[in-house]
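Participant: The structure is given below, and queries will be raised subsequently.
The values are calculated or read from the model by the stated rules, or taken from the named source; none is laboratory data. From a predicted model like this one, the values you see are computed outputs, not experimental measurements. With ideal geometry, Cβ positions are generated from the backbone for all residues, glycine too; neighbour counts draw on all protein chains shown. All accessible areas refer to the heavy atoms of the entire protein, side chains included, with ligands and DNA or RNA removed. Shrake-Rupley method; radii C 1.70, N 1.55, O 1.52, S 1.80 Å.
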Amino acid sequence: MNELIVRIAARGDGITPSGRHVPFGLPGDAVLDDGALAFGPHHQEPPCRHFPECGGCQLQHADDEAYRGYLVSRIEGALAQHDLTAEIRAPYLSPPNSRRRATLKALKVASGALIGFNAEASHRIVDLRECHILRPELFSLVQPLRELLSGMLQPKRIADIQLTLIDAGADVLIKGVPAGRLAEIEQLTAFAMDHQLARLSVDRGLGPEALYEPVPATVILSGVRVAFPPGSFLQATEDGEDALIRCVQEALAGATGIADLFAGLGTFALATRAAYAAEASRDSAAALKRASPAVNVEHRDLYRRPLDAKELAGFDAVILDPPRAGAGEQVAALARSAVGRIAYVSCNPATFARDAKTLADGGYSLDWVEPIGQFRWSTHVELAARFSRGE
């Protein structure tokens with residue numbers, strides 16, 4: 001008896017009502033008696049030759065309606081694990097070729113060098129010959145980097161190449177390539193000049209060292225120029241960043257005393273004119289402090305030393321933007337506080353839902369959640385949400 005696919009599982013397989021996982025299944029597809037998959041209305045032709053081998057995308061075969069449904073389903077499922085529900089808004093999707101940061105892998109082979117993402121569920125590198133998620137300015141560097149590094153990579157050792165598009169162009173950080181000889185340093189510097197990079201850095205194991213940086217590397221955040229330390233975090237797409245800022249500003253509209261926790265370089269602190277910002281990265285905290293002296297910036301590890309209820313008493317609103325691990329320790333303190341509103345930005349529905357349960361048990365209401373699809377066609381889900389107390 002045929003079974004219909006009813007939803008997409010967390011890792012991208014289709015799921016039937018009986019719980020059967022079907023590779024590449026989408027809602028509306030039918031699993032026939034012989035095991036074949038009859039496509040429904042939501043399949044599209046994957047645009048990239050590397051799909052499904054490349055691990056950069058898992059859902060290129062899904063149309064936008066199915067992909068939006070997947071994002072909503074992931075969040076609904078995570079909240080349901082904790083007996084929570086909320087209004088989940090229509091997801092925002094970044095367009096193709098909009099990703100402004102990525103980490104690629106590089107490996108020396110007999111023919112030169114492989115550069116690309118890992119294959120799905122594997123350490124094998126897919127040698128990128130096209131890419132429909134990266135900004136063209138970044139993808140245009142892949143072949144030149146392949147040629148440059150073919151003589152520098154060490155046999156059987158994988159190197160990382162971090163690409164980020166900042167104000168003055170591409171910021172390139174190479175990890176795992178010794179590049180200590182004068183000739184190699186000259187090659188790298190010439191490469192950076194020829195390709196008009198904003199900066200080229202290498203990390204030989206002791207931290208990034210800039211070999212080429214004609215002007216200080218910066219990013220503009222809410223009209224403020226902020227220094228960009230090598231390897232710093234930046235939202236994956238510029239439009240996705242704008243969508244997250246819109247959500248945070250809406251969540252905290254009218255608030256006057258705002259604390260930005262896990263502040264990074266100040267993406268949300270600067271957009272909301274926060275009075276206080278805490279960040280664990282010393283370099284990022286220093287960059288924000290220099291860029292905006294009006295913000296009280298503290299270098300602080302919120303996992304080891306979360307703001308307590310007494311410290312939180314000075315704020316009527318808080319922004320949370322933690323790493324994938326969530327903000328468990330800080331959320332526990334917030335649940336005991338009198339803070340009226342929380343804007344929570346998350347890159348992990350599971351830890352977000354766990355933290356949402358803690359806040360709900362502390363008297364907060366989860367007012368709404370908006371999925372943000374910065375990582376188009378991937379199973380990586382981001383979101384922004386508002387919690388309120390006494391409204």
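Participant: Please count how many residues of the stretch 236-262 are part of a loop (DSSP other than H, G, I, E, B) and open to solvent by 10 Å² or more (accessible area, probe 1.4 Å).
Facilitator: Residues in the stretch 236-262 being part of a loop (DSSP other than H, G, I, E, B) and open to solvent by 10 Å² or more (accessible area, probe 1.4 Å): 6 in total.
Participant: Given the options G40, G56, G69, G77, name the one that is in a loop (DSSP other than H, G, I, E, B) and surrounded by fewer than 20 Cβ atoms within 10 Å (Cβ to Cβ).
Facilitator: Testing whether each residue is in a loop (DSSP other than H, G, I, E, B) and surrounded by fewer than 20 Cβ atoms within 10 Å (Cβ to Cβ) leaves just G40.
Residue-by-condition table, conditions (1) under 26 Å from R300 (Cβ atoms); (2) more than 13 Å from the chain's Cα centre (by Cα); (3) assigned to a loop (DSSP other than H, G, I, E, B):
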{"site": "I319", "(1), (2), (3)": "yes, yes, no"}
{"site": "V331", "(1), (2), (3)": "yes, yes, no"}
{"site": "V339", "(1), (2), (3)": "yes, yes, yes"}
{"site": "A343", "(1), (2), (3)": "yes, yes, no"}
{"site": "A350", "(1), (2), (3)": "yes, yes, no"}
{"site": "D355", "(1), (2), (3)": "yes, yes, no"}
{"site": "L366", "(1), (2), (3)": "no, yes, no"}
{"site": "R376", "(1), (2), (3)": "no, no, yes"}
{"site": "A385", "(1), (2), (3)": "yes, yes, no"}
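Participant: Part of a strand (DSSP E or B), closer than 20 Å to L234 by Cα and either in contact with a helix residue (DSSP H, G or I) (Cβ under 7 Å, 6 or more places away or on another chain) or modelled with pLDDT of 95 or more (or both): does that describe I372?
Facilitator: So I372 passes the test.
Participant: Somewhere in the stretch 157-170, is a residue over 21 Å from the mean Cα position of the chain (by Cα) and at positive phi?
Facilitator: no
Participant: Confirm whether A269 is on the phi < 0 side of the Ramachandran plot, open to solvent by less than 10 Å² (accessible area, probe 1.4 Å) and touching a residue at least 12 places away in the same chain (Cβ under 8 Å).
Facilitator: Yes.
Participant: Going by the structure shown, is E130 assigned to a helix (DSSP H, G or I) and either of a type in the set (D, E, K, R) or within 19 Å of the chain's Cα centre (by Cα) (or both)?
Facilitator: no
Participant: Consider only pairs whose beta carbons are under 8 Å apart and that are at least six residues apart or on different chains; among these, list those whose first residue lies in the stretch 101-117 and is assigned to a loop (DSSP other than H, G, I, E, B) and whose second residue is β-branched (V, I, T).
Facilitator: F117/I125; F117/V126
Participant: Also: What single numbered condition from (1) open to solvent by less than 10 Å² (accessible area, probe 1.4 Å); (2) of a type in the set (V, I, T); (3) farther than 18 Å from I245 by Cβ fails to hold for V369?
Facilitator: (3)
Participant: Still on this model: Among the residues of the stretch 217-233, is any surrounded by 15 or more Cβ atoms within 10 Å (Cβ to Cβ) and in a helix (DSSP H, G or I)?
Facilitator: Within the stretch 217-233, none of the residues are surrounded by 15 or more Cβ atoms within 10 Å (Cβ to Cβ) and in a helix (DSSP H, G or I).
Participant: Quick one: is I185 among the hydrophobic types (A, V, I, L, M, F, W, C), outside any loop (DSSP other than H, G, I, E, B) and in contact (Cβ under 8 Å) with a residue 40 or more places away in the chain?
Facilitator: So I185 does not fit the description; no.
Participant: Another question about this same structure. Could you check the stretch 188-205 and list, in sequence order, the residues that are open to solvent by 20 Å² or more (accessible area, probe 1.4 Å) and either among the acidic types (D, E) or over 22 Å from K156 (Cβ atoms) (or both)?
Facilitator: T189, A190, M193, D194, H195, Q196, D203, listed by residue number.
Participant: Can you tell me which residue within the stretch 281-339, out of those that are of a type in the set (S, T, N, Q) and within 23 Å of P230 (Cβ to Cβ), is surrounded by the most Cβ atoms within 10 Å (Cβ to Cβ)?
Facilitator: S284
Participant: State the number of residues belonging to the stretch 43-53 that are among the hydrophobic types (A, V, I, L, M, F, W, C) and in a strand (DSSP E or B).
Facilitator: 0
Participant: Step by step: first the residues of the stretch 83-97, then only those that are surrounded by fewer than 15 Cβ atoms within 10 Å (Cβ to Cβ) and over 20 Å from the mean Cα position of the chain (by Cα), then the one that is nearest to Q374 (Cα to Cα). Which residue is that?
Facilitator: Ranking the candidates gives E87 first.
Participant: Here is a list: R129, R100, R181. Which entry is among the charged types (D, E, K, R), out of contact with any Phe, Trp or Tyr (no Cβ under 9 Å at 6 or more places or on another chain) and closer than 23 Å to G231 by Cβ?
Facilitator: Answer to the check: R100.
Participant: Here's another thing I want to ask about it. From E120, E87, E137, grab the single residue that is under 30 Å from L366 (Cβ atoms) and acidic (D, E).
Facilitator: When all the criteria are applied, what remains is E87.
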